[in-house]
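All remarks here apply to the structure that follows.
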Amino acid sequence: MSYTLYPTRKQRLQRSYLAVPGSNPSMIDRALKSAADYVFLDCEDAVAPPEKEQARKNIIQALNDLDWKGAGKSVSVRINGLDTHYMYRDVVDIVEQAGSKLDTILIPKVGVPADVYTVECIVSQIEVAKGLPHQIGTEALIETPLGMANVEAIASASSRLESMHFGVADYSAFNKARTVVIGGLNPDYPGDQWHFPLSRMTVACRAFGLRPIDGPFGGIDDPEGYKAAARRGAALGMEGKWAIHPSQIELANEIYSPTAKEVERAERILVALKEAEAQGKGAASLDGKMIDAASEKMARNLLSTAEQIKKAEAAHAAQKK
């Protein structure tokens, strides 16, 4: 193990990341009652230019009026891009008027570490000026060739960044990739055409203590395709996936939740290793397989996630009553 370690900057449950256009208040209300772990209220791509200002107002009202924490949810806002004249007003208005209710800000099309720094500079000043009770985190949406080329630099830069998301739609467009459905597989490609960017971003996140989150899947009428994409992301170490339609929330929660069998085995791993330690052994055998310190770490990670899910589900159940 290297002497240089980067612990997880912020642990949050993020199996399902529900996208909600800020221009649609009724959808925001429904998002609160959904089973999503995390909701992001969108100022960017899901909102037409004439609706930007009203969407911003809707988001401020929703942050202040709705009890997101009571519903067991984290809440984020996707601001407009740094290359637009909407971005600064998104940050200033939303953080000044509703920053105390905001967990994170999702920054689109991050290309270099300075993009994150720019947003955080504004946020930091507002937090001090307004005396906000907590530090608002940031999330980087990696959806351009420039962002992927600089993904390690972005992840390692000093910032309040908590997670990175793979924005497959814009990534495809910028790379001029031939796709069949957003986030789906092109049958002409011999394998998974998204494996490289997903893997590279995940490694960057894990190296520097961030949460890696997979982006959208456009086939709303294809639940099996969505689950297949989610399984591929989970196999690489992603912590969750976007839901661009409410029907995808349960699919993401299912794939990114440990099963009862996995929880039971994780508990047995800890017991077996404790018994081995008492006998002066650094490894043990369980169900015919060797387990060691790495097994213990994986087991504890799984049990931590299971505990987070238990709390979130309890809050969601109480909110529905």
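The values are calculated or read from the model by the stated rules, or taken from the named source; none is laboratory data. Computed from a predicted structure; not experimentally measured. Don't worry about glycine lacking a Cβ; one is built from the backbone with ideal geometry, like all the others, and counts go over all protein chains shown. Surface areas here come from the heavy atoms of the whole protein model, side chains and all, with no ligands, DNA or RNA. Shrake-Rupley method; radii C 1.70, N 1.55, O 1.52, S 1.80 Å.
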Quiz item: How far apart, in nm, are the 7 Å Cα→Cβ label points at ALA129 and ASP292?
Solution: 5.5 nm
Practice problem: Determine the shape class of segment 136-291: with a ≥ b ≥ c the square roots of the Cα gyration tensor eigenvalues, call it rounded for a/c under 1.5, and otherwise prolate if a/b is greater than b/c, oblate otherwise. | Solution: prolate
Exercise. Using a 10 angstrom cutoff on alpha carbons, build the Gaussian network for the chain and name the most mobile of ALA169, ALA36, ALA276.
Key: ALA276
Quiz item: Label VAL271 and GLU96 with points 7 Å out from Cα along Cα→Cβ: what is the distance between them in nm?
Solution: 5.9 nm
Self-check item: Gaussian network model of the chain, springs between alpha carbon atoms under 10 Å - residue of ALA35, ALA177, ALA284 with greatest fluctuation
Solution: ALA284
Practice problem: For segment 17-27, just list the computed ³J(HN,Hα) in residue order, Karplus coefficients 6.51, -1.76 and 1.60, θ = phi - 60°, integers in Hz, with x standing in for Gly and Pro. | Solution: 10, 7, 8, 9, x, x, 7, 10, x, 5, 5
Practice problem: Determine, from the Cβ-Cβ distance of ASP29 and LYS281 and an R0 of 41 Å, the FRET efficiency 1/(1 + (r/R0)^6), rounded to the nearest 0.05. | Solution: 0.15
Practice problem: Mind checking the full-extension length gain between ASP67 and ARG206? Use 0.36 nm per residue of separation minus the Cα-Cα distance, one decimal, nm. | Solution: 46.9 nm
Exercise. Determine the percent antiparallel among the DSSP beta bridges restricted to the chain, to the nearest 5.
Key: 10 percent
Quiz item: Hey, with R₀ at 30 Å, roughly what FRET efficiency would HIS85 and VAL181 work out to, going by the Cβ-Cβ distance, to 0.05?
Solution: 0.40
Practice problem: Report the relative contact order of segment 209-321, percent, no decimals, based on alpha-carbon pairs under 8 angstrom and at least 6 residues apart. | Solution: 20 percent
Practice problem: For segment 1-151, just say rounded, prolate or oblate: build the C-alpha gyration tensor, square-root its eigenvalues into a ≥ b ≥ c, call rounded for a/c under 1.5, and beyond that prolate if a/b exceeds b/c, oblate if not. | Solution: rounded
Quiz item: With the chain treated as a Gaussian network of Cα nodes joined by springs under 10 Å, which of PRO50, PRO145, PRO108 yields the largest mean-square fluctuation?
Solution: PRO50
Quiz item: What percent does the relative contact order of segment 81-162 come to when contacts are Cα pairs within less than 8 Å and at least six residues apart?
Solution: 37 percent
Practice problem: Quickly work out the GLU53-to-ALA314 label distance, labels modelled 7 Å from Cα along the C-beta direction, and quote it in nm with one decimal. | Solution: 4.6 nm
Quiz prompt | the chain - accessible surface per residue (Å², probe 1.4 Å) | solution = 48 Å²
Quiz prompt | Gain on full stretching of the segment that runs from HIS245 to ARG9 - 0.36 nm per residue minus C-alpha separation | solution = 82.1 nm
Quiz item: Over the chain, what is the relative contact order in whole percent, taking alpha-carbon pairs under 8 Å and six or more residues apart?
Solution: 18 percent
Quiz item: When the accessible area of the chain is split by element with a 1.4 Å probe, what percent falls to carbon and sulfur?
Solution: 55 percent
Quiz item: Do any of LYS10/LYS69; LYS109/LYS311; LYS227/LYS311; LYS10/LYS241; LYS52/LYS130; LYS52/LYS109 go past 26 Å between their Cα atoms, and which?
Solution: LYS109/LYS311
Practice problem: Express in nm, to one decimal, how much length is gained between GLU307 and ASP222 on full extension, taking 0.36 nm for each residue of separation and deducting their alpha carbon distance. | Solution: 27.6 nm
Quiz item: Can you give the helix-only mean residue ellipticity at 222 nm for the chain, where every DSSP H stretch with n ≥ 4 adds -39500 (n - 2.57) and the sum goes over all residues, rounded to the nearest 500 deg cm²/dmol?
Solution: -15000 deg cm²/dmol
Exercise. First measure r as the distance between the Cβ atoms of HIS195 and ALA260, then evaluate 1/(1 + (r/R0)^6) with R0 = 22 Å and state the FRET efficiency to the nearest 0.05.
Key: 0.15
Self-check item: segment 157-196 versus segment 35-81: alpha-carbon centroid distance in Å
Solution: 24 Å
Exercise. Specify whether the C-alpha gyration tensor of segment 92-198 places it in the rounded, prolate or oblate class, a ≥ b ≥ c being the square roots of the eigenvalues: rounded for a/c under 1.5, otherwise prolate if a/b is larger than b/c and oblate if not.
Key: prolate
Quiz prompt | Cα centre as origin, Lys/Arg/Asp/Glu Cβ charges: segment 1-52 dipole, Debye | solution = 340 debye
